[in-house]
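Quick one: structure below, then a few questions.
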Amino acid sequence: MKLVLLGEIDPVSAVSKLRKWCHTELVSVGPAKEEKEKVEPPKVPVPVYEPYPFYYYPYHITPPLYS
């Protein structure tokens with residue numbers, strides 16, 4: 001079982017008090033990990049382009065018939 005102590009507490013005194021209850025071993029001591037807030041980059045607006053006009057070519061016109 002692992003125990004995490006947060007705040008300003010003396011780890012040696014905490015371990016000595018816990019040894020009265022059960023077998024306790026001090027593994028490591030260090031600052032608590034703080035959660036970092038994710039900074040999102042600002043979104044760049046996408047430019048809107050107008051498409052080229054659609055040219056309609058009438059294909060129903062038949063080529064001239066040469067006799």
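The values are calculated or read from the model by the stated rules, or taken from the named source; none is laboratory data. Bear in mind the structure is a predicted one, so any value in this text is a computation, not a measurement. Note that each Cβ is placed from the backbone with ideal geometry, even for glycine, and that neighbours are counted across all protein chains shown.
Can you tell me which of SER28, SER67 is among the small types (Gly, Ala, Ser), outside any helix (DSSP H, G or I) and modelled with pLDDT of 70 or more?
SER28
Residues are listed down the side, and each one gets a yes or a no for (1) modelled with pLDDT of 75 or more; (2) assigned to a loop (DSSP other than H, G, I, E, B):
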position	(1), (2)
SER16	yes, no
PRO41	yes, yes
PRO51	yes, yes
PRO58	no, yes
THR62	no, yes
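How many of the residues in segment 17-28 are touching a helix residue (DSSP H, G or I) at 6+ places or on another chain (Cβ under 9 Å) and loosely packed, with under 10 Cβ neighbours inside 10 Å?
1
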